[in-house]
Structures are given as structure tokens and as C-alpha cells.
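Step one of this worksheet: look at the structure below.
No lab work stands behind these numbers, since they all come straight from the coordinates. Keep in mind it's a predicted model, so treat the numbers as computed, not measured. Every residue, glycine among them, receives a Cβ derived from its backbone with ideal geometry; neighbour counts consider all protein chains shown.
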Amino acid sequence: MDGYGMQNQIACIRRSLFDQGYLDEQFIQLEELQDDANPNFVQEIVTLFYTDSTRLIQNIELTLNSRPINFSKLDDYMHQFKGSSSSIGAKKVTSECAVFRQYCAAGNAEACIRNFQHIKQEHAILRKKLEFYFQMMGQAAVAQTR
Amino acid sequence: MELMKSSDNIIQDRTQQQHKQEPEMQAQEGQQEQGHHFHVLAVDDSVIDRKLLEKLLKVSSYQVTCVDSGDKALEYLGLLNNLDSDSTASSSSSSSSSSNSSSCSQSSQREGLKVNLIMTDFCMPGMSGYDLLKRLKGSSWKDVPVVVMSSENVPSRISIRCLEGGAEEFMLKPLQLSDLEKIEAYLLKSLHLSCTNIDKDDDDNNADHNSDNNNDKVVNNDSNIDKGNNSTSMNNNFSKRKALSSEDTESRRPKIKGLAVAI
């Protein structure tokens with residue numbers, strides 16, 4: 001595939017991430033911050049997010065598995081998680097986090113546990129999609145240098 | 001929808017690049033006029049938000065120092081050992097070369113440190129952004145503008161509390177480049193009031209800048225409201241999320257400095 005074809009494909013992938021609600025305008029802000037001095041900024045911050053959020057997920061799992069459930073602690077973790085996902089424009093993940101916090105505030109353990117599965121799913125789906133997206137961009141960059 | 005347009009049009013990126021350069025150029029001009037770079041101290045416990053804020057500030061040509069807690073911020077500013085912040089003279093009189101009040105002298109380890117603006121997250125483990133704000137305003141760094149940020153819709157009583165506690169503004173995260181343009185106004189103000197080891201302006205400038213700030217706030221609030229309401233709907237992330245209710249606007253206008261108001 002020539003350079004232009006790849007660019008087209010990448011633009012389509014990117015567009016679908018927004019159209020399908022995986023990303024919101026905050027992701028565009030990240031892209032705007034990327035420059036020649038820091039050409040991998042978006043990928044770096046996304047990678048950082050996944051490292052950080054993986055840790056949070058583990059903490060949340062532990063808290064959900066303990067009895068009695070410490071809802072206050074749960075809310076703290078989820079506040080952090082929601083904040084980070086919002087900062088990178090992870091729209092669906094952020095939405096699910098907001099729902100979780102409502103269940104948490106109501107002390108609804110069952111709903112929290114159920115909802116947390118959704119969060120992990122969305123978290124994983126987005127990761128795969130973004131990894132693919134970055135991979136394509138990497139390939140396009142290589143293609144352009146030929 | 002804005003997003004559809006921007007994702008459809010790759011050329012849009014170029015326009016966005018140009019927009020990005022505008023605040024950067026303005027900041028550079030401001031800094032060059034004064035002959036130095038603004039230095040911002042950013043306080044946030046989230047590693048993602050620190051990285052984001054650092055990038056936002058650097059792109060806007062500011063010098064940035066990031067710390068992950070209020071304690072670290074106080075330590076950086078040389079305030080950690082001061083239990084009674086009003087009596088800094090006792091530990092630092094030797095470093096003050098000016099005949100001005102002791103309020104501007106620092107502990108000797110931070111001599112010459114210049115900070116033009118402090119941006120702090122509100123919700124942090126341990127010392128909250130509000131606690132940090134109060135400590136700062138009761139210290140030799142009280143004239144440095146402080147902006148408080150929060151990742152969620154806090155009740156207006158909290159944002160008002162911060163403003164009355166001396167914060168310049170309360171901003172919703174995640175921050176964007178357009179937010180930094182507002183911050184520039186506070187930074188320019190801080191140049192006149194910059195609290196270094198050398199000297200400090202008199203209170204007349206404070207009064208002038210207070211009225212300027214009130215005007216800025218009114219302008220900011222109006223434009224915030226124009227950008228769309230801060231909806232509780234989770235799906236509505238496209239609209240700018242900094243609108244305040246009109247009730248908030250009216251409460252924010254009178255800037256009460258140094259006066260604790262029980263809410």
C-alpha cells in the first residue's frame with residue numbers, strides 16, 4: 001500500500017474511534033499537543049494511562065473482593081481511574097466509571113461488581129484499538145521514508 | 001458536530017496547529033518583554049494529569065515543575081519547616097537582602113526561586129488542593145496566583161470556597177490549551193507582584209489587578225456559559241465543560257481577599 005493509501009486507512013480508523021464513541025475531543029487535544037519535539041506524545045501518554053490504570057484495576061479488584069466492601073476506598077480508586085481516562089479522552093471507559101461511582105455511592109455491591117466487568121471490557125477493547133491505530137501510524141511513517 | 005468535522009478533515013489539523021501556536025506566541029512575547037520565562041509549579045497526584053499539564057505548559061513556553069502532592073509543593077517552596085508561616089523572618093532573615101517586610105523572604109534553601117503561578121489539583125490524598133491553597137496564602141508565597149483544578153463537577157460551594165480562599169480561578173480538568181490563555185492573565189499579573197527574594201510591589205498594584213481580575217472573571221464566566229452547560233450527561237463530552245450557573249457567576253464576582261467566609 002502506498003503512503004497515501006495508508007494515510008487514508010489511518011484516517012478511517014481514527015474517525016471510527018470517534019464515531020463509535022471510544023474517544024472524545026480530549027484525544028484531539030492530545031494530538032494537538034504532539035509536535036516535532038515530542039512526536040510520540042499521544043502514544044506515550046496512552047501507554048502511561050494503561051500502565052497506571054492497570055494498577056488501579058488491580059486495586060479495585062482487591063477492594064471488590066474483600067468483605068465488607070470498603071465503598072469509600074472504591075470511590076477513591078474510581079475517581080482516579082475516571083480522571084485519568086477522561087484526561088486521555090477515553091469516552092466509553094469514562095462513562096462506565098461514572099456509572100460505577102453512582103452504584104458505589106449507593107452501596108450497591110452487586111451492581112458495582114457487574115459494572116466493573118464492563119469497565120474492564122471497555123478498557124481492554126480501547127487498548128487493542130489504540131494499539132492497532134498506533135501500529136498503523138508507525139507503518140505509515142516507515143512507508144513515507146521509503 | 002465539531003468532532004465529525006475535525007475527524008473528516010485532515011487539513012483541519014493544520015488549522016489546529018496554527019491555533020496552538022497563537023497562545024504560544026503570545027506567551028513568548030509576554031515573556032520576552034519581561035526578559036524571562038514564567039515558571040509554573042504544577043501539583044497533581046495523577047501521573048497522567050501531570051504529564052498532560054506539563055506538556056500543555058511547555059507547549060505554551062512556560063517552565064514547569066511538577067510535584068505529586070501538596071507536601072512536596074511546600075517542600076519545594078521551602079515552606080515545609082515553617083509551622084507558623086507568618087513568622088518566616090525568624091528562620092530566614094539572613095537571606096533577605098531587602099528592607100521590605102519579611103513576608104517575601106524564603107528559607108535559605110529556596111533562595112532565588114521564582115514561581116509565577118501554582119496550579120493544583122483539588123482532590124488529592126493527604127493535603128487537598130484547598131489545604132495547600134490556605135497554606136500558600138498564609139505564607140511568603142501568598143502573592144503568587146494559584147489556580148485550583150478538579151476532575152469533576154464540584155458543587156459551587158466548593159469552588160467558591162477556593163476562590164474566597166484566594167484562588168484565582170477554579171478550572172475543570174482535563175485542561176486544554178484554551179484554558180492556558182486564561183492563565184496567562186494571572187501570570188502577567190504575577191510579574192508585577194513576583195515574590196522573589198529581591199523585593200515586592202506595594203499594595204496599590206494589588207488593588208489595580210484585583211479590579212482587572214474581576215473583569216477577567218466576568219468575561220471568562222460569560223464565555224464559559226456560552227460554551228454550553230456543564231451537563232451531568234456522561235455522553236455529552238463534546239461541549240466545553242466549564243460553564244457555571246448564573247448563581248455561581250454572581251457569587252464569584254465580588255473577590256473577597258483574606259476574608260474567611262463561613263458557608
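Given the rule -39500 (n - 2.57) for each run of at least 4 DSSP H residues, summed and divided by the residues of chain A, what is its mean residue ellipticity at 222 nm, to the nearest 500 deg cm²/dmol?
Numbers: 6 runs with 120 residues, N = 146.
It comes out at -28500 deg cm²/dmol, rounded to the nearest 500.
Close amide H pairs (under 5 Å, H built 1.01 Å from N) link A:D35 with A:F41, residues at least 5 positions away or on another chain.
Extension gain for A:T47 to A:A141 (0.36 nm times residue separation, less C-alpha to C-alpha distance): 31.9 nm. When each of the peptides B:62-72, A:76-86, A:49-59 is scored by how many other beta carbons lie within 10 Å of its residues on average, the order from highest to lowest is A:76-86, B:62-72, A:49-59.
Take peptides B:144-152, A:40-48, B:170-178 and line them up by average Cβ neighbours within 10 Å, highest first, as a rough protection proxy. Before the final figure, lay out the partial values.
Values: B:144-152: 22.6, A:40-48: 18.0, B:170-178: 20.9.
Answer by packing, highest mean first, reads B:144-152, B:170-178, A:40-48.
Separation of the alpha carbons by more than 29 angstrom is noted, of A:K73/B:K58; A:K91/B:K182; A:K73/B:K142; A:K82/A:K128; B:K142/B:K173; B:K55/B:K134, for A:K73/B:K58; A:K73/B:K142. Highest average first, the peptides B:48-56, A:109-117 ordered by how many other beta carbon atoms sit within 10 Å of their residues are B:48-56, A:109-117. For the peptide A:29-40, the mean number of other protein chain Cβ atoms found within 10 angstrom of a residue's Cβ is 4.
Here's how it looks for B:V64: its modeled amide H is under 5 Å from those of B:V40, which are all 5 or more places away or on a different chain.
Quick check: net charge around A:I125, other residues with Cβ under 13 Å of its Cβ, Lys/Arg +1 and Asp/Glu -1? Before the final figure, lay out the partial values.
Numbers: positive: A:K91, A:K92, A:K120, A:R127, A:K128, A:K129; negative: A:E96, A:E122, A:E131.
Once positives and negatives cancel, what remains is +3.
Residues whose amide H lies under 5 Å from that of B:M171, counting only those 5 or more places away or on a different chain, are B:V148, B:M149, B:S150; hydrogens are built 1.01 Å from N in the peptide plane.
Using a simple spin-label model with pseudo-atoms 7 Å out from Cα toward Cβ, A:E131 and B:Q63 lie 4.1 nm apart.
Stretching the chain fully between A:S72 and A:Y4 yields a gain of 19.3 nm (0.36 nm per residue, less the alpha carbon separation).
Averaged over the residues of peptide A:80-88, the number of Cβ atoms from other protein chains lying within 10 Å of each residue's Cβ is 6.
Excluding A:Q58 itself, what net charge comes from residues whose Cβ is under 15 Å from its Cβ, given Lys and Arg +1 and Asp and Glu -1? Here the charged neighbours net out to 0.
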